[in-house]
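Enquirer: Quick one: the structure is below, questions incoming.
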Amino acid sequence: MAKTSPTQTKIIVPSSVSMVSLLGPRDEFLRVAEKEFDAEIHVRGNEITVTAAPEERVLVEQLFDELVAIVRSGHGLTSDAVERSVAMLRARDSERPTDVLTLNILSNRGRTIRPKTVGQKRYVDAIDQHTVIFSIGPAGTGKTYLAMAKAVQALQAKQVNRIILTRPAVEAGERLGFLPGTLSEKIDPYLRPLYDALHDMIDPDSIPRLLTAGTIEVAPLAYMRGRTLNDAFIILDEAQNTSPEQMKMFLTRLGFGSKMVVTGDVTQIDLPGGTSSGLKVVHDILGGIDDVYFSTLNSHDVVRHKLVGRIVAAYDEYEARREADSNRPVEVGRRPGTARP
């Protein structure tokens, strides 16, 4: 098939947009665009000339349109934001990069928390629109972090009176009374990741006061039993380590004016052998109920080190190959895994 001839277009950047903000210090963001596209990109003044095959040229035009819109909205660009914008455009997602990367959830000490992928934005939107939300996905996809940011946002906006954070202390079988030390010393190792996230979102000096007043409660799942939780934003983390009975117990704590977010990774279940995960079966039970939403995140939504996303994808591919091999019929007279003669 004949190669498509390149075409050329010129993009005029509005005078109100700083070229340094758009292209980055020492053209760092321009270099990212050149690496991501099979295109020649030249800049002269506020004019960007793009030479590429028609499909690539259109994508480059769309990218700079989005980057200009982000800068004009008052948000700064990063190399990561440019790379994620390219990924969204190539995936032809219905969400524009501008809509995803300018959705501010929370700002604290000069740091703003916002979604970084289409999957994360849809998850955040679902939290706004539903009462019970399940977020299932691998490590590093922001499941719990974004939920906590939305909880703090709701508390600050007086939409709820308190935040309740819980996770199963599965390593102790939730039999905390048998562990040495005070209650705080017993549960602290299991809940420390939630405290760490809180310190990113709230002035650390005010956290002890909020905990003492009960405005923020961090407790193991066993301590939810028998309660009705009204006017609260409730987050169950590490939900893959709940049994179906524990999951039912937790969900039925929901009171008036409350919202629940349940997060977990069904590939990292630490339950004793033979115990089924409440998170794995809950979709079959609640999938058709109104005001219950299931968000599934994947390796494309990983926002930690880039290598983490590739590791997650590699494990997914390995599991898919292993499942395919286990379902393949074995020829009579040949042991599984041996080559044909």
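The values are calculated or read from the model by the stated rules, or taken from the named source; none is laboratory data. Source: prediction; values computed, not measured. FYI the Cβ positions are ideal-geometry reconstructions off the backbone, even for glycines, and counts take in every protein chain you see.
Enquirer: Go through region 283-311 and give me each residue that's at pLDDT below 80 and under 21 Å from R122 (Cα atoms).
Expert: R304, G309
Enquirer: Continuing with this model, one more query. Out of P138, P193, P180, I need the residue that is assigned to a loop (DSSP other than H, G, I, E, B), assigned by TED's automatic domain parsing to the domain that holds T228 and modelled with pLDDT under 90. Which one? Don't jump to the end; show me each part of the working.
Expert: Numbers: P138 fails: modelled with pLDDT under 90; P193 fails: assigned to a loop (DSSP other than H, G, I, E, B).
Step by step, each of P138, P193, P180 is checked, and only P180 is assigned to a loop (DSSP other than H, G, I, E, B), assigned by TED's automatic domain parsing to the domain that holds T228 and modelled with pLDDT under 90.
Enquirer: Specify which of the listed residues (D270, D205) is surrounded by fewer than 19 Cβ atoms within 10 Å (Cβ to Cβ), closer than 23 Å to V282 by Cβ and among the acidic types (D, E). Give the derivation first.
Expert: Working: D205 fails: closer than 23 Å to V282 by Cβ.
On inspection, the qualifying residue turns out to be D270.
Enquirer: Here is a further query. Go through the residues of region 91-110 one by one and say whether even a single one is polar (S, T, N, Q) and either in a helix (DSSP H, G or I) or closer than 17 Å to K10 by Cα (or both).
Expert: Keep residues of region 91-110 that are polar (S, T, N, Q), which gives 94, 98, 102, 104, 107-108.
Still in the running and either in a helix (DSSP H, G or I) or closer than 17 Å to K10 by Cα (or both): 98.
Yes, that holds for at least one residue.
Enquirer: Taking S295 as the residue in question, decide whether it is assigned by TED's automatic domain parsing to the domain that holds R162 and either under 23 Å from the mean Cα position of the chain (by Cα) or within 23 Å of I164 (Cβ to Cβ) (or both). Working first, answer last.
Expert: Numbers: assigned by TED's automatic domain parsing to the domain that holds R162: yes; either under 23 Å from the mean Cα position of the chain (by Cα) or within 23 Å of I164 (Cβ to Cβ) (or both): yes.
Against the criterion (assigned by TED's automatic domain parsing to the domain that holds R162 and either under 23 Å from the mean Cα position of the chain (by Cα) or within 23 Å of I164 (Cβ to Cβ) (or both)), S295 qualifies.
Enquirer: I've got another one for you. Do you know which residues across region 67-104 are crowded, with 17+ Cβ neighbours inside 10 Å and in contact with a strand residue (DSSP E or B) (Cβ under 9 Å, 6 or more places away or on another chain)?
Expert: V68, H75
Enquirer: Right, something else. Is it the case, given these coordinates, that E55 is closer than 27 Å to K306 by Cβ and touching a Lys or Arg at 6+ places or on another chain (Cβ under 8 Å)? Full working, then the answer.
Expert: Numbers: closer than 27 Å to K306 by Cβ: yes; touching a Lys or Arg at 6+ places or on another chain (Cβ under 8 Å): no.
So E55 does not fit the description; no.
Enquirer: Moving on. Looking only at region 300-325, how many residues end up being in a helix (DSSP H, G or I) and loosely packed, with under 15 Cβ neighbours inside 10 Å?
Expert: First pass over region 300-325, keeping only residues in a helix (DSSP H, G or I): 300-301, 306-325.
Filter again for loosely packed, with under 15 Cβ neighbours inside 10 Å, leaving 306-307, 310, 314-325.
Total satisfying the criteria: 15.
Enquirer: Among V170, V160, V132, V152, which is the only one that is modelled with pLDDT under 95, surrounded by 15 or more Cβ atoms within 10 Å (Cβ to Cβ) and not assigned by TED's automatic domain parsing to the domain that holds E95?
Expert: Values: V160 fails: modelled with pLDDT under 95; V132 fails: modelled with pLDDT under 95; V152 fails: modelled with pLDDT under 95.
Sole residue among the options that is modelled with pLDDT under 95, surrounded by 15 or more Cβ atoms within 10 Å (Cβ to Cβ) and not assigned by TED's automatic domain parsing to the domain that holds E95: V170.
Enquirer: Inside region 67-89, can you point out the residues that are charged (D, E, K, R) and under 24 Å from G309 (Cα atoms)?
Expert: In the first step, residues of region 67-89 are kept if they are charged (D, E, K, R); the result is 72, 80, 83-84.
Answer for region 67-89, where residues must be charged (D, E, K, R) and under 24 Å from G309 (Cα atoms): D80, E83, R84.
Enquirer: Among the residues that make up region 57-75, is at least one of them touching a residue at least 40 places away in the same chain (Cβ under 8 Å) and in a loop (DSSP other than H, G, I, E, B)?
Expert: No, region 57-75 contains no residue that is touching a residue at least 40 places away in the same chain (Cβ under 8 Å) and in a loop (DSSP other than H, G, I, E, B).
Enquirer: Give me the residue from region 66-110 that is closer than 24 Å to T4 by Cα and either over 24 Å from the mean Cα position of the chain (by Cα) or not hydrophobic (A, V, I, L, M, F, W, C) (or both) and, out of that set, modelled with the lowest pLDDT.
Expert: R92
Enquirer: Here's something else I'd like to know. Can you confirm whether region 293-301 contains a residue that is more than 21 Å from P138 (Cβ to Cβ) and not β-branched (V, I, T)?
Expert: Keep residues of region 293-301 that are more than 21 Å from P138 (Cβ to Cβ), which gives none.
No, region 293-301 contains no residue that is more than 21 Å from P138 (Cβ to Cβ) and not β-branched (V, I, T).
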